[in-house]
Each structure stands twice: as structure tokens, then as C-alpha cells.
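Here is the structure we will look at, set down as C-alpha cells.
The values are calculated or read from the model by the stated rules, or taken from the named source; none is laboratory data. As the structure is a computational prediction, the values presented were derived from the model and not from experiment. Please note: Cβ atoms are built from the backbone with ideal geometry, for glycine as well, and neighbour counts cover all protein chains shown. The area values use the complete protein model at the heavy-atom level, side chains included, leaving out ligands, DNA and RNA. Shrake-Rupley method; radii C 1.70, N 1.55, O 1.52, S 1.80 Å.
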Amino acid sequence: QRKMGTDSRFVNGLVLDHGGRHPDMPKVLNNCHIMTCNVTFEYEKTEVQSGFFYSNAEEREKLVESERKWLDERCRQVVDFKRSVCKEGESFVMINQKGIDPLSLDIFAKEGILCLRRAKRRNMERLTLACGGSPIHSVEDLDASQLGYCGKVSEVSLGDDKFTFVEECKHPKSCTLLLQGPNVHTIDQIKDAVRDGLRAVKNAVEDRALVPGAGAFELAAAMNLRENVAKVTKGRPKLGVEAYAEALLVIPKTLAENSGFDVQDCILNLTDAREDSGGSLAVGLDCTTGDPMIPADEGVWDNVRVKRQCLHLSTVLASQLLLVDEVMRAGKQMGRVPEGAE
């Protein structure tokens, strides 16, 4: 928040919603090796009910020292691994799903390692997709092939929160859209717009086809029903064809009404433009001027599956409503005595 909506941008990598937990850790690193791990660097409680008993202060000091020695050994293995893989001008970043105690953080900070602890699971999964590498579950068998890579890692403060930007990934399969705005409402609106746009692109790629928008499809379908289908249909079904054609025109009518234009004039103008072209051009409504336009020239398109689903659902719902009417009518007539019967 507290930013303009135009500050939103695409990040070729990830934005993690947490930062480093040590004041001496570097804020910006370049040419980074990324180590994603799920290893604890703090004291852990035993899985079963247990306890340690000591009789004097010396025994307690030995207990604390042995625990600290176990953690220091783990930290030393990571530091040695960092020194072996990092060449001149390269950095090392460790992102851990479990905890890291303050003394271990101090060891890593002195070595110039940026550490993030208690990272969220979804961020860990996306991190390997963005930077490469694989999750590490033990510090015993560390290998350089398990590390990912990115060009830049930086810690940024946005408002009261800290974020870590993992950018300039070589072949990212997971990226981030950083949405910013002056308030929650604006951010929600941008989020909905981005989600709708991404889904529209996804549908277009999967369908491998598009249909002209701006009400052009509905107008063409309605005119085809009236001019071709209705003429060859006999009896009462002809009324249904005409009603269906009229219902299709709801889309261009709604576009005209929402744009502040006269609905009837717009529909007549669209129909005339379609007839003048001999039915060869898809004509839609320009919501800015209220005049007919060619959607393909203006870049206005609709998804095929959206139109297909609209036609299917509207037909099914209308059929179900008519079926309900028939059932209610039959129910009312069940208790009646036929005329002429005693």
C-alpha cells in the first residue's frame, strides 16, 4: 500500500514476503548461489517425553556446550560449502524452511551469507522453479548441483514490511507480479484485472482460436437465426428460434446502454452495417462513439470457450425453467375434477 497503481511491475523471479533476521547481513547481493533447505539450525525438542537432569552448574554448562557444539558443526559445514562453491564476485544466499537461532545467524552474517528463516512452503516450491536447484534436507552431503542461481537478491522495505527480491533468474518457471496501490480497494481491483487477463490468455492459448468481441458474435448469430434458420423452421419451434435470436442481442444492447447510447439506434446501426457488408464482416459496437466498428481491426476479441459456455448454460437454464413451469402447471391440475364428471 501507499504506492501508486502504476508502480506495479513484473519481477523476473520471486518476491518473498520476509527479510533477513540479522542487522549485519548484506542487503543487496549479486551473482548469487541459492541454497533452499529444510534443515534446523536451532535447539529442537525431543519427539518423545524426555528430560535432562544435572546436579550442579558445571554439568549444565557441559550440556549447553554440547548443544552449541552440534549447531556450530552444522554452521561450519555450510560455511565451508559456501567457500568451496563461491568464486570471486559471487555471493551465497540460504533460504531455510525451518528455524535458525541468533548465534547461527551471527555466524552466517560474519561470513556474508544472507539467511532467511521459516520461509513458507509455497515460496520454497516456487524458488526451485525460478532459480533451479533442489531442496536440501541434510548438511551432510552438500553438492553444488543442488544450488540454484539468480543474478540479484535484494532486501526492500515496502511500508512496514520487509520483502526479499530474487531477480534476474536465468530460466525461471515461476515469476511474480508485484501489485502496488494507494489502498486495499485499488490493489484488489488490480488483482482481479490481472487474474482475468491471465485467464483470458490461458483460454486463448488452449483454444487456439478467438471470436470477435464487442457484441459482433451475438449480432451475427442472431441475424443468422432470423434470416436462415427461422425461414426453414415450421410450426411453433419457429417462435423459439425468434426468441433465441432476440435473447442473443442482450449483449450488444447492454454494451450500448452501459455506454450511455440509445439502445435501439445502436442495434439498427449495427444491423445495417452487417447487411451492407453482405454478412462477410463481423461488426461490433464501439463503446466510445456508439458507431459500428470491426473488432478485429481494433483488437477486441472474446474467448471461444466463454461464448460456448454461455450458449450452453443459457439453453440449459431456460429449458429447466420451462420444465419447472410444466411441473407446477401439472401439479395445479391434479386436484381438479374434469368438467362434466360427477
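From the list Ser145, Ser91, Ser134, exactly one residue is exposed (fewer than 11 other Cβ atoms within 10 Å of the Cβ) and either out of contact with any Phe, Trp or Tyr (no Cβ under 7 Å at 6 or more places or on another chain) or hydrophobic (A, V, I, L, M, F, W, C) (or both). Which is it?
Result of the check over Ser145, Ser91, Ser134: Ser145.
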Quick check on the range 57-75. Is at least one of its residues open to solvent by 60 Å² or more (accessible area, probe 1.4 Å), not in a helix (DSSP H, G or I) and not aromatic (Phe, Trp, Tyr)? no
Go through (1) touching a helix residue (DSSP H, G or I) at 6+ places or on another chain (Cβ under 8 Å); (2) open to solvent by 20 Å² or more (accessible area, probe 1.4 Å); (3) in a helix (DSSP H, G or I) one by one and return the number of the condition Ser104 breaks. (2)
Residue list for the range 116-131, restricted to those being crowded, with 20+ Cβ neighbours inside 10 Å and under 14 Å from Cys175 (Cβ atoms): Asn123, Arg126, Leu127, Ala130, Cys131
